[in-house]
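What follows is one structure encoded as structure tokens, with my remarks underneath.
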Amino acid sequence: MKKRLSLAVTTALTAGALSFSALIAPVATAAESLFGTPEAEQPVTIGHRGAAGTAPENTVAAFKDGRAAGADFIESDVQLSADGVPFLFHDDTPARTTNVEEVFPGRENDPITSFTWAELQQLDAGSYFSEKFVGEKIPHFNDIARVATKNTGVFMEIKSPKNSPGVEKVVADALHNDPAWIKLVEAGKVEILSFDPTSNMKFAALAPEIPLQQLSSTVPDAATLALISTFADSVGTSYRTLDQAGVDRVKAAGLEIGVYTVNDIDAMEEAVAMGVERITGDYPIQFERYLDGVNPFPASRGLVITDSVNDAPGNDVQAENGEHVVITNTGNAAVDVSGYYLRDAANNLLHIGEGYVIEPGASLSVYTGPGTNTADKFYNGKTSAILNNGGEALGFWTANHSLLDSFAN
């Protein structure tokens, strides 16, 4: 088993870090800030689906972004094709992140596991994100092992195991027999996880030496945690549902605790302050820069997302007053934001029209629905809501695809 990870929150903050923390208005106090934390005291960082905030999720490009970030692990999801080949993909259908409608018209809502490996390789899994990634393929299970290193390992979720009978043995066999996986296992850089406890127990019986994480949308009760501790080493849960009592319950069961999907520095600070040891997020590059004491958004020029009104009173896409995101210029110079855009975790986009300039200290509200454009409001005119009422994660990008800020609520 992997050695238990120790975590200590830094008790000092440099003047430069304090200045930057003031800019992003963290919830934690200065004494608790993780900005510039010594390496040995940093939480374990995991790039979600590689680095899904900056590259198309679960592609080699995203895995390389996560590795380049210096994340401790890159996470992905494994399923089995119709002919039994393990591949890396999150959703149950190919509709959201591939060009399946062009390649296999009428099959966009078919189970992703109903496609053969040869069919999966005909799909483009990158162009949905941006033109930069046209041609990215759905990876084979072994592709992520070729990207990973002794510094950046692999968190592998067994996804929807009911749709991929026998996937646990396929994964265990690869870890035991494939040279690239063996090197990672020997370095302590592989962990398996699943929401399905039956699947986890199956895997534990096949490969008891591999660290195992039980995923749960909320922290289970003490009795359930005691059962989990018989086959798993850690629990992973949503940071949005976590409280101190949950952290204490997990640790009392002798388990480590991690949270997903953290896309905001404030949320990372809060989780670590409660004793969370592992942080999974879509922006490992930005989080690693912050932990190392470097501005995570060097291109921002003071532009930050200051609010996201996900659940507007009445209809979320009502004219003039529906859901919207607020962008504020905290810098000293006006910024032309023509063509800039917001992207959420599901890859929905909100754009800003031509001719929009945000003056220092001013804000621009970017609406999903219809309305009358003004100097401080831009309306996308969509007819369906985009922002998740239960909590949203957003990235703010220039027209040339430079990341300016991330935000979650």
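Placing unit charges on C-beta atoms (Lys and Arg positive, Asp and Glu negative, everything else neutral), compute the dipole magnitude of the chain about its Cα centre in debye, rounded to 20.
In debye, rounded to 20, the chain gives about 800.
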Practice prompt. Take the Cα radius of gyration of the stretch 44-124 and divide it by 2.2 N^0.38 Å, with N its residue count; two decimals is plenty.
Written response: 1.15
Worksheet item: Summing +1 for each Lys or Arg and -1 for each Asp or Glu, what net charge is found among the other residues whose Cβ lies under 13 Å from the Cβ of Asn151?
Response: +1
Worksheet entry | Computed log₁₀ I(q)/I(0) - Debye formula, equal Cα scatterers, no solvent, the chain, q 0.09, 0.11, 0.13 Å⁻¹ | -0.56, -0.85, -1.17
Worksheet, complete the sentence: Flagged as over-length at 24 Å C-alpha distance, from Lys64/Lys137; Lys64/Lys183; Lys159/Lys382; Lys64/Lys132, the pairs are Lys159/Lys382
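How large is the dipole of the stretch 303-408 about the Cα centre if only Lys and Arg carry +1 and Asp and Glu carry -1, each at its Cβ, rounded to the nearest 20 debye?
160
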Discussion item. I'd like to know which of Ile358, Gln318, Gly339 lies farthest towards the positive end of the charge dipole of the stretch 303-408, counting +1 on Cβ of Lys and Arg and -1 on Cβ of Asp and Glu.
Written reply: Gly339
Practice prompt. Would you please give the FRET efficiency between Lys183 and Gln244, computed as 1/(1 + (r/R0)^6) with r the Cβ-Cβ distance and R0 = 22 Å, to the nearest 0.05?
Written response: 0.05
Fill in: the stretch 303-408 - percent relative contact order, Cα under 8 Å, separation 6 or more
30
Worksheet item: Using the Cα gyration tensor of the stretch 303-408, with a ≥ b ≥ c the square roots of its eigenvalues, what is the shape: rounded (a/c below 1.5), prolate (a/b larger than b/c) or oblate (neither)?
Response: prolate
Item to complete: Determine the relative contact order of the chain: mean sequence separation of Cα pairs under 8 Å and six or more apart, normalised by residue count, in whole percent.
Response: 14
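Can you tell me what share of the DSSP beta bridges in the chain is antiparallel? A percent to the nearest 5 is fine.
50
Rule-based calculations on the coordinates, nothing more; no lab input. Computed from a predicted model, the values in this text were never measured in an experiment. All Cβ positions, even for glycine, are placed from backbone atoms using ideal geometry, and neighbour counts span all protein chains on display.
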